Amino acid sequence: MNIEIVMATHDDIYEIEDLYNDLNDYLASHINYPGWKKGVYPTREHAENDINDHTLYVAKHNDEIVGSIVLNHEPEVDPVHGNWMIEAYGKDMLAIHRFVVHPDYLRRGIGTKLLCFAENFAKANKVKSIRLDVYDKNEPAIKAYEKCGYTYIDTVDIGLRCYGLDWFKLYEKLI
């Protein structure tokens, strides 16, 4: 499958909003591994902020957005909170957020391509480490991260218990 990954623009916002809504509708009618909820997370507002920050990348197949990923230098978990493999802060560390694949395109390698894109982006920007947190019940994402060489670091509370999301696993990949 031919996939192009590019930085999202404001012209993409409606399609990104549809991507988030389609995924959340799918999760609501299936097993909701990440614990996401339509209208709460992720939303159009998240996408608008990420586009303004130049951190949102979209995967396109035949000019249709089929996935997305946010890459920035701001982890959800304070760097000292986790027992990371190396000391890396600011521009030395890349964080993955809002890693999304459209439900019609699950198990087609798009998630792997997005993670490879993140790794190539990190190498090109001389980043030492890629870090992420994942809800501990999100088995499909955990399998994808481990398949792509991410190392489990720790399980922590990142303050989302009010949403029923008690524990998050921290993963890291050295570049």
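Ordering Arg44, Arg161 from the fewest to the most neighbouring beta carbons within 10 Å gives Arg161, Arg44. For the range 4-128, the gyration tensor built on C-alpha atoms gives a prolate shape. Its axis ratio a/c (a ≥ b ≥ c) is at least 1.5, and a/b is the larger of a/b and b/c. Over the chain, DSSP H runs of length four or greater, each weighted -39,500 (n - 2.57), average out per residue to a 222 nm ellipticity of -9000 deg cm²/dmol. Counted residue by residue at 0.36 nm each, then reduced by the alpha carbon distance between them, the extension gain from Thr112 to Ala124 reaches 2.5 nm. Rounded to the nearest angstrom and listed largest first, the equivalent-ellipsoid semi-axes of the range 6-57 from its Cα gyration tensor are 22, 10, 9. The calculated FRET efficiency for Val6 paired with Asp53, based on their beta-carbon distance and R0 = 22 Å, is about 0.90. All C-alpha pair distances within the range 18-92, sorted into 10 Å bins from zero, spread as 16, 37, 33, 14, 0 percent across the bins. Under 18 Å from a label point 7 Å along Cα→Cβ of Arg44: give me every residue in the range 103-119 with its amide N that close. Label zone hits: none. For the peptides 113-119, 30-36, the ranking by mean Cβ contacts within 10 Å, running from highest to lowest, is 113-119, 30-36.
Return the whole-Å distance between the Cα centroid of the range 7-42 and the Cα centroid of the range 125-175. For the range 7-42 versus the range 125-175, the Cα centre distance is 19 Å. Give the calculated FRET efficiency between Ile31 and Tyr163 to the nearest 0.05, with a Förster radius of 22 Å applied to their Cβ-Cβ distance. It comes to 0.85.
Before anything else, pin down the relative contact order of the range 4-128: Cα pairs under 8 Å, at least 6 apart, normalised by residue count, whole percent.
Computed over the range 4-128, the figure is 26 percent.
Every number in this text was worked out from the coordinates using simple rules, so none of it is lab data. Bear in mind the structure is a predicted one, so any value in this text is a computation, not a measurement. All Cβ positions, glycine included, derive from the backbone under ideal geometry; neighbour counts span all protein chains shown.
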